[in-house]
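The values are calculated or read from the model by the stated rules, or taken from the named source; none is laboratory data. This structure is a prediction, so every number in the text was calculated from the model and none was measured. Quick reminder, even Gly has a Cβ in these numbers, built from the backbone with ideal geometry, and neighbours come from all protein chains shown.
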Amino acid sequence: MIASQNTNQHIGTNDTLTRWYNMHWGALTDTHMQLMDDGVYIVTGTKLTKSLWEQIVYNRRLATAPNTVLPHSWNEVMSHNNLEYCTTAHNGAFAIAISRRQDNDTPVKAIEIPMVSTVVTPESTIRYGVVGVCDDGINA
């Protein structure tokens, strides 16, 4: 008899979209994305609410990390990959389900992360190729 252990991992747990979401948006908002066996992405978290999700979707700077500017809004990533979301419940808690748009028959070969077209500093000024002195707050 062979014993098996449920590790709660799903097919594609380490795909590009889940890794990128968890590395950026998930880490900054205490949320987590996973790819379910049916191909739907689920975002969960103890602090996940509709208002936090709307902030994640439409902003590059989050209230939970005001000094961090993300390379894209989550909406840009979803649009680039022909994805849409809806609210749902997962294990009895508020969650977000993300899946491919049903109105598009174009097959998608793989999830892609959009190229970054601008670099934004915390002061919201655009600078290209500017390197300056690091102000680490330590006075010599």
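Out of region 64-96, which residues are within 19 Å of N22 (Cβ to Cβ) and of a type in the set (A, V, I, L, M, F, W, C)?
The answer is A65, V69, L70, W74, V77, M78, L83, A93, F94, A95, I96.
Condition (residue is at pLDDT 65 or above and out of contact with any Ser or Thr (no Cβ under 7 Å at 6 or more places or on another chain)) applied to region 102-110: is it met by at least one residue?
Yes, region 102-110 contains at least one residue that is at pLDDT 65 or above and out of contact with any Ser or Thr (no Cβ under 7 Å at 6 or more places or on another chain).
Would you be able to tell me the number of residues in region 41-75 that are farther than 13 Å from W25 by Cα and surrounded by 14 or more Cβ atoms within 10 Å (Cβ to Cβ)?
So the answer is 2.
Conditions first: (1) among the aliphatic types (A, V, I, L, M); (2) modelled with pLDDT of 90 or more; (3) assigned to a loop (DSSP other than H, G, I, E, B). V130 passes all but one, so which condition is the exception?
Among (1) among the aliphatic types (A, V, I, L, M); (2) modelled with pLDDT of 90 or more; (3) assigned to a loop (DSSP other than H, G, I, E, B), the lone unmet condition for V130 is (2).
When region 42-52 is examined, which residues are found to be closer than 12 Å to T87 by Cα and in a loop (DSSP other than H, G, I, E, B)?
Once the filter is applied, which keeps residues that are closer than 12 Å to T87 by Cα and in a loop (DSSP other than H, G, I, E, B), region 42-52 yields L48, T49.
In region 12-33, which residues are surrounded by fewer than 20 Cβ atoms within 10 Å (Cβ to Cβ) and not in a helix (DSSP H, G or I)?
Correct list: G12, T13, N14, D15, D30, H32.
Here is a check on your reading of the model: is A95 at pLDDT 95 or above and not in a loop (DSSP other than H, G, I, E, B)?
Yes.
Quick check: is even one residue across region 53-69 modelled with pLDDT of 90 or more, within 18 Å of A89 (Cβ to Cβ) and assigned to a loop (DSSP other than H, G, I, E, B)?
Scanning region 53-69 turns up no residue that is modelled with pLDDT of 90 or more, within 18 Å of A89 (Cβ to Cβ) and assigned to a loop (DSSP other than H, G, I, E, B).
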